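Structure first, commentary second.
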Amino acid sequence: MYLVRPADFADLPALERLAQQAGIGITNFPANRERLNDKIASSRRSFMTDVVQPGDESYLFVLVETKTEQIVGCCGIDAIVGADTPFYSYRIDEVVHASPQLQIHNRIPALFLCHDYSGTSRLIALVVDKAHQNLTAMSLLSKARLLFIARHPERFTKRLFVELRGENDKHGHSAFWDALGRHFFSMDFKKADYLSGVSNKHFIAELMPRYPIYVPTLPEAAQEVIGVVHEDSSQSADILLDEGFEFRGYVDIFDAGPTVEARTESLHTIAQQKMGKALILTETCKGAMHLISAGHLEDFRVTAAPAEPQTAGLGIEKTTQERLGISSGSRIQWVTL
Ligand SMILES: NC(=[NH2+])NCCC[C@H](N)C(=O)O
């Protein structure tokens, strides 16, 4: 069984192992001990801060396999991106080039460097150990963040977005990077991706091409990966699309992976979640799988278990109660999985 809870300093070695395993392209989760330690510290601070409106908080959660107590995944939420340095994306837009004299009218897609997501909350770093990439664990981890947002709406913006990892091969070669970024940054994708995750991002402003890029002028291999999700991320992408996230024509500036966004309150988990009392069942539960959360801020916990909605609250098994560390009658939050 699995439990999601806020990350702690003791989780550092496990997080480092996960980051190494995750490989290239998960920019906001670099395999760098010091950076990961900073991330945990900033997350602990964020959970403990009183927040009236979203700022530079960043929340990190871990997925625990409860039988072995092992950390097998992690994910996070940035309350706002682009607060201190701009947050870059490419917006795909069409440019019209027409000659009435020749009766030629062309609409040509072009990539425009923009900061359109600066000031918006972002879901980050969903990484799960290969052995645990099943639908329950992946959905639990991904949606636990949404339950947290529903519990603490004042901490996040009314729009949420996620950058999905773009296509690159086993050796970390991105066809999009090779066609574009490489010429401007004089380094490989792996290095640029790593730098954008660990250092300040001034080098992006300094080195990125300043003019729009006309898509048809890129090699075909690069055009083909614009807006394409890396195959290792397809399961987490599907979970987000099912939740109601949509592609609105924004892609990553390095690998052209798609950005998806949604109005926070319209997401399935956020719109459907309910609050009520925990009712402890005496027999095994025959109800559907639910995501069930308990606790506030740093005590926030979420698990997946069968449950039975009743008028007085949610019926859960004794083992679920124990896993969440709650008593009968405790206030819990739930949604069907
Ligand atoms: N795959 C990447 N490393 N892209 C570069 C970082 C882009 C990101 N949107 C930012 O501004 O922070």
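The values are calculated or read from the model by the stated rules, or taken from the named source; none is laboratory data. Because the structure is a prediction, the values reported are computed rather than measured. Quick reminder, even Gly has a Cβ in these numbers, built from the backbone with ideal geometry, and neighbours come from all protein chains shown. Just so you know, the surface numbers come from the protein's heavy atoms only, side chains and all, with ligands and any DNA or RNA stripped out. Shrake-Rupley method; radii C 1.70, N 1.55, O 1.52, S 1.80 Å.
Per the 1.4 Å probe, what fraction of the accessible area of the stretch 273-336, in percent, lies on carbon and sulfur atoms?
So the carbon and sulfur contribution to the accessible surface is 51 percent.
Multiply the residue separation of HIS202 and LEU12 by 0.36 nm, subtract the distance between their alpha-carbon atoms, and state the gained length in nm to one decimal. Spell out each step's value before the answer.
Working: separation 190, 0.36 × 190 = 68.40 nm, distance 2.80 nm.
Additional length available on full extension: 65.6 nm.
Taking 0.36 nm per residue of sequence separation and subtracting the Cα-Cα distance, how much length would be gained by fully extending the chain between LYS274 and SER186, in nm to one decimal?
Working: separation 88, 0.36 × 88 = 31.68 nm, distance 5.16 nm.
Gain on extension, LYS274 to SER186, equals 26.5 nm.
Rounded to whole Å, give me the distance from the Cα center of the stretch 1-56 to that of the stretch 190-213.
Between the Cα centres of the stretch 1-56 and the stretch 190-213 lies a distance of 23 Å.
Please tell me which of these pairs span more than 22 angstrom C-alpha to C-alpha: LYS130/LYS170; LYS130/LYS158; LYS67/LYS130?
Values: LYS130/LYS170 16 Å; LYS130/LYS158 33 Å; LYS67/LYS130 17 Å.
Pairs exceeding 22 Å: LYS130/LYS158.
Tell me, what are the semi-axes, in whole angstrom and largest first, of the equivalent ellipsoid of the chain as set by the roots of 5 times the Cα gyration tensor eigenvalues?
Sorted largest first and rounded, they come to 39, 21, 18 Å.
Name the residue farthest towards the positive end of the dipole of the stretch 183-303 from the options ALA262, SER236, PHE203, assuming +1 on Cβ of Lys and Arg, -1 on Cβ of Asp and Glu, about the Cα centre.
Sorting the options by dipole projection puts first ALA262.
Provide the packing ranking of 209-215, 68-74, i.e. peptides ordered by the mean count of other C-beta atoms within 10 Å per residue, highest first.
Put in order of decreasing packing, that is 68-74, 209-215.
If you fit an axis through the alpha-carbon atoms of helix 33-48 and take the longest principal axis of the Cα set of the chain, what angle between them do you get, 0 to 90°, nearest 10?
With both axes taken from Cα atoms, the answer is about 60 degrees.
Keeping all protein chains in place, calculate the accessible area per residue for the chain (probe 1.4 angstrom), answer in Å².
Heavy-atom SASA per residue in the chain reads 47 Å².
At what distance in nm do the modelled label points of SER266 and CYS114 sit from each other, each positioned 7 Å from its Cα along Cα→Cβ?
So the two model labels end up 1.6 nm from each other.
Treating cross-link reach as a plain straight distance, find the lysines whose alpha-carbon is under 20 Å from the alpha-carbon of LYS277, omitting any fewer than eight places away in the same chain.
LYS286, LYS318
List the residues, sorted by chain then number, that are 5 or more residues from GLY73 or on another chain and whose placed amide H is less than 5 Å from its amide H.
Sorted by chain and number, the residues that satisfy this are LEU63, ASP129.
Roughly what angle does helix 234-243 make with the longest principal axis of the chain, taking Cα atoms, 0 to 90 degrees, to the nearest 10?
70
Using r as the Cβ-Cβ distance of MET289 and GLN70, and R0 as 30 Å, what FRET efficiency do you calculate, to the nearest 0.05?
Working: r = 22 Å, r/R0 = 0.73.
According to the calculation, E is roughly 0.85.
How much length is gained on full extension from THR282 to ARG107, taking 0.36 nm per residue of separation minus their Cα-Cα distance?
56.5 nm
What does a probe at ALA221 reach in the stretch 153-185, counting residues whose amide N is under 16 Å from the point 7 Å along Cα→Cβ?
167-183
Could you tell me what percent of the DSSP beta bridges with both partners in the chain are antiparallel, to the nearest 5?
Around 90 percent antiparallel, to the nearest 5.
Against the longest principal axis of the chain, how steep is helix 12-22, in degrees 0 to 90 to the nearest 10, with axes from Cα atoms?
Compared with the principal axis, the helix lies near 50 degrees.
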